[in-house]
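Below is one structure; the comments refer to it alone.
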Amino acid sequence: MKVDVLLGLQWGDEGKGKIVDVLAPRYDVVARFQGGPNAGHTLEFDGIKHVLHQIPSGIFRDKTRNVIGNGVVLDPIVFKAEIEKLQKYHLNVKGNLFISKKATLIIPTHRLLDQAQEKAKGDDKIGSTLKGIGPSYQDKIGRQGLRVGDVLSPNFREKLKKLVDLHLEILKAHDLVFNWSELEGQFLEAIEFLKEFKLIDSEYFLNKELKAGSRVLAEGAQGSLLDIDFGSYPFVTSSSTVSAGACTGLGVAPCHIGEVYGIFKAYSTRVGSGPFPTELINEEGEAMRKQGNEYGSTTGRPRRCGWIDLPSLKYSIMINGVTQLLMMKADVLSIFSRIKICTQYKLNDGTLTDQVPYEQIHANITPVYQEVKGWNCSLKGLVEQNLPMELQNYITFLEKALEVPISLISTGPDRTETIHRFRHPA
Ligand code: GDP
Ligand code: IMO
Ligand code: MG
């Protein structure tokens, strides 16, 4: 069998958590392949809203096994809190969750370093979630990180001390106030908790599952426009958020990748700093934020809002090899009688392009819009056959421009508010 990949095509928060939960019954395994507690994946059903940060979004489906892959950076303290929050739902988390020994550990000093680095950047700050993502990936790439498997080693404490000493030395130059022994106590307690879970060689686990005919869904975090290579560098996260990241982040070969589901909002949002060509810094943007409840799932920060941006979506589709598109939050656009679609960018020198230019930050990209009529009505309870004509036209317009079919339309946060248009079963 193949691994299908579901990933965000914009700047994150497209609705990945909701759709992974919706699709999970069709899969035997759901696996996260990158990112860490910077992610906030929201699931809604039975009137309850859940936000997952590190645990894959298949956890509420009792027949689905969930893997935290080697490409993930895992904060044991956040992990413990997240598991404890789930306890009241009596899920079989211990039975259904598997953690790669090769996943990188986030230690408390990584969070402090994140703060220090952001502070030092001043006005150029990334707008990081401050969860220690950048510094933990820096240690991984710098070949001095700690990994989940290390917690089983008899000299784990020594390894930890070595890394902490390095970090504390760097932190001396910054005026952060913290109590290391308190943080260390918390961390060690969380490590003991982590040891109670199945710590595995997840690349073997996944490849054996594939051989045995299991269906695997890889769950991306963040979005393609935040990718370390292809995002609006330096205003990006520190991992490979694109489909290739599923190969390195899980240990599955490219020939084993099947469908690539690209998920996007019917408009655009971004949280944190960095270029956003179609951003609306006006009443329309505020109305979008209010209607879409666009506040960060991890940090609560207001998300920047704007119209859909086809050049950047085409770019993401190209990099990821997207085979099917999933469009979220169509209901949010119901408040507008006219909807704008950015089809091209006009650059400083007057050139028109539908490519994302290298220099996005100072290029003064002006979006070129095509305007269409909005549907201006509630989408509650609608099925595909009775979607308003204007929404059907919007979908057709996007499919034509993006050259990929839209296989799912989401019309609300709940599991049930989902219209399937899959031409072949997902
Ligand atoms: P993720 O990080 O990609 O999983 O997305 P988030 O959970 O951070 O943000 C998506 C937000 O939109 C969450 O609050 C969801 O509950 C909500 N949401 C998802 N799909 C829809 C939809 O179709 N309509 C509306 N109104 N909200 C949605
Ligand atoms: P999900 O998985 C939206 C953004 C941050 C910041 C930049 C770098 O929920 O879609 P980092 O903490 O990684 O150093 O932050 O990336 N960012 C996200 N934005 N959704 C996310 O995850 C994000 N994870 C990181 O706001 O601009
Ligand atoms: Mg999110």
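Apply the Karplus parameterisation 6.51 cos²θ - 1.76 cosθ + 1.60, with θ equal to phi minus 60°, to every residue of region 40-45 and state each ³J(HN,Hα) to the nearest whole Hz, in sequence, with x for glycine and proline.
x, 10, 9, 10, 9, 6
Looking at the chain, which longest stretch skips every one of the GluC sites (Glu not before Pro) that is in a DSSP loop with at most 12 other Cβ atoms within 10 Å, leaving the sites themselves out?
That would be 1-195.
What FRET efficiency comes out for the pair Asp150/Lys290, r = Cβ-Cβ distance, R0 = 51 Å, nearest 0.05?
The pair Asp150/Lys290 has a calculated efficiency of 0.65.
Quick check: residue separation of Glu189 and Asn364 times 0.36 nm, minus the Cα distance between them. What number comes out in nm?
That pair, Glu189 and Asn364, stretches by 58.0 nm at full extension.
Return the ratio Rg/(2.2 N^0.38 Å) for the chain, where Rg is computed over Cα atoms only.
Output field value: 0.97.
Once fully extended, how much extra length lies between Ile281 and Thr299, figured as 0.36 nm per residue of separation less the alpha-carbon to alpha-carbon distance?
4.4 nm
Sort Phe197, Phe79 so that the residue with the fewest other Cβ atoms within 10 Å of its own Cβ comes first and the one with the most comes last.
The fewest-first ordering by Cβ neighbours comes to Phe197, Phe79.
Sort Val252, Val67, Val372 so the one with the fewest other Cβ atoms within 10 Å of its own Cβ comes first.
Fewest-to-most Cβ neighbours within 10 Å comes out as Val372, Val252, Val67.
Against the longest alpha carbon principal axis of the chain, how many degrees, from 0 to 90 and to the nearest 10, is the axis of helix 108-121 turned?
Around 50 degrees separate the two axes.
Return the Cα extents of region 109-219 along principal axes one, two and three, sorted largest first, each rounded to a whole Å.
Between the extreme Cα coordinates on each principal axis of region 109-219 lie 54, 36, 23 Å.
If the chain between Arg415 and Lys125 were fully stretched, how many nm would it gain, using 0.36 nm times the residue separation less the Cα-Cα distance?
Full-extension gain reported as 100.8 nm.
Hey, if you put +1 on the Cβ of every Lys and Arg and -1 on every Asp and Glu Cβ in region 326-381, which of Asn364, Cys377, Leu333 ends up farthest toward the positive end of that dipole?
The residue sitting farthest along the positive end of the dipole is Cys377.
Mean residue ellipticity at 222 nm from the helices of the chain, using -39,500 (n - 2.57) per DSSP H segment of n ≥ 4 over the full residue count, to the nearest 500 deg cm²/dmol?
Only helices count here, giving -9000 deg cm²/dmol.
For the chain, find the longest principal axis of its Cα atoms and tell me its angle to the long axis of helix 389-402, 0 to 90°, nearest 10.
Computed tilt is about 60 degrees.
Give the order of Cys255, Cys247, Cys305, Cys342 when sorted by the count of other beta carbons within 10 angstrom, beginning with the fewest.
Cys255, Cys247, Cys342, Cys305
Measure off 7 Å from each Cα along the Cα-to-Cβ vector at Tyr89 and Lys159, then give the distance between these two points in nanometres to one decimal.
For Tyr89 paired with Lys159, the spin-label model returns 3.2 nm.
How large is the charge dipole for region 293-366, taken about the Cα centre, if only the Cβ atoms of Lys, Arg (+1) and Asp, Glu (-1) carry charge, to the nearest 20 debye?
240
Each value in this text was obtained by applying a stated rule to the coordinates, not by laboratory testing. Because the structure is predicted, anything quoted here is derived from the model rather than measured. When we count neighbours, we look across all protein chains shown, and the Cβ atoms used for this are built from the backbone with ideal geometry, even at glycine.
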